[in-house]
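Okay, so here's the structure we're looking at.
Here, each number is a calculation from the coordinates, and none is a lab measurement. Worth saying up front: this structure is predicted, and the values here are computed from it rather than measured. Counting neighbours? That spans all protein chains shown, and the Cβs are built from the backbone with ideal geometry, glycine included.
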Amino acid sequence: MDSLFAVALFAVSSSVTPGPNNIMVMTSGVNFGIRRSLPLLTGICVGFTIMLLLVGFGFSQLFELFPHLHFLIKCVGVFYLLYLAYLIAKSAGSISSSNQAEPLSFMKGALFQWVNAKAWVVATGAIAAFTTVGASFYSQNIMVAITFLIVSFPCVGLWLACGSQLKKLLNSNQSRKWFNLMMSGMLALSVVPVLREIVEQLA
């Protein structure tokens, strides 16, 4: 029971704190509302749960055998996050356009976890901290994954609700333009530590 409580606390703290997932969800809430953003929210939560299971079931061992694979995914993740930041900034001036972009889908939210640096840190940290080697390893891994699945919906959903409320306040093209630019900047800033790490590895 103590272990479950510790996992739950870790899941809450890592899921509710700012990161690429929450920034994307809040931005989607502002621009598309809660209902149209639910597939993205669900994709993020389910996708991260699957990621946790796969990391626990040996994906991390694959990276130990092929460390360059992890570096490659990290590089792809940085460029993809910067691309998303660009798309958010680009949409800033076309909020009311009839050609308004659709919110990200369930599948894009799920697949995004594999290029999300924070997701990798949380997943590997959770498996390392809350599982032990032995017969119960797999049941512990499943317990960690299910806990994150349950906790992540309200935690990430809180950011979606905040975005939806902001939508009522940001009722002009100009205000949403500045909001999207600010979110784009925050998303770009979130990759700076990873980008610095990549540069150090290349050097």
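Give the Rg/Rh ratio for the chain, taking Rg as the radius of gyration of the Cα atoms and Rh as the Kirkwood radius, to two decimals.
Working: Rg = 17.7 Å, Rh = 17.7 Å.
Taking Rh as the inverse mean 1/r over Cα pairs, Rg/Rh reads 1.00.
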Would you mind computing, in nm to one decimal, how far apart the modelled labels at residue 181 and residue 50 are, each placed 7 Å from Cα along Cα→Cβ? 3.7 nm
Taking amide H atoms as placed 1.01 Å from N in the peptide plane, list the residues 5 or more away in sequence, or in a different chain, whose amide H sits under 5 Å from that of residue 104. none
Asserting the computed 222 nm helical MRE of the chain (DSSP H runs at least 4 long, -39500 (n - 2.57) per run, divided by residue count, to nearest 500) equals -27000 deg cm²/dmol
I need 149, 65 ordered by Cβ neighbour count within 10 Å, fewest first. 65, 149
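Provide the gained length on full extension for the span residue 35 to residue 158, in nm with one decimal, where the gain is 0.36 nm per separating residue minus the Cα-Cα distance. All intermediate terms of the calculation are to be shown ahead of the outcome.
Values: separation 123, 0.36 × 123 = 44.28 nm, distance 1.38 nm.
Gain in length upon complete extension: 42.9 nm.
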Suppose the chain between residue 137 and residue 82 were pulled fully straight at 0.36 nm per residue; how much longer would it get relative to their current alpha carbon spacing? 16.2 nm
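How would segment 108-150 be classified by its alpha-carbon gyration tensor: rounded, prolate or oblate, with rounded meaning a/c under 1.5 and the a/b versus b/c comparison settling the rest? The partial results should precede the final answer.
Values: a/c = 2.78, a/b = 1.86, b/c = 1.49.
Verdict is prolate for segment 108-150.
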Could you work out the Rg to Rh ratio of segment 135-184, with Rh taken as the Kirkwood radius (inverse of the mean 1/r over all Cα pairs)? 1.34
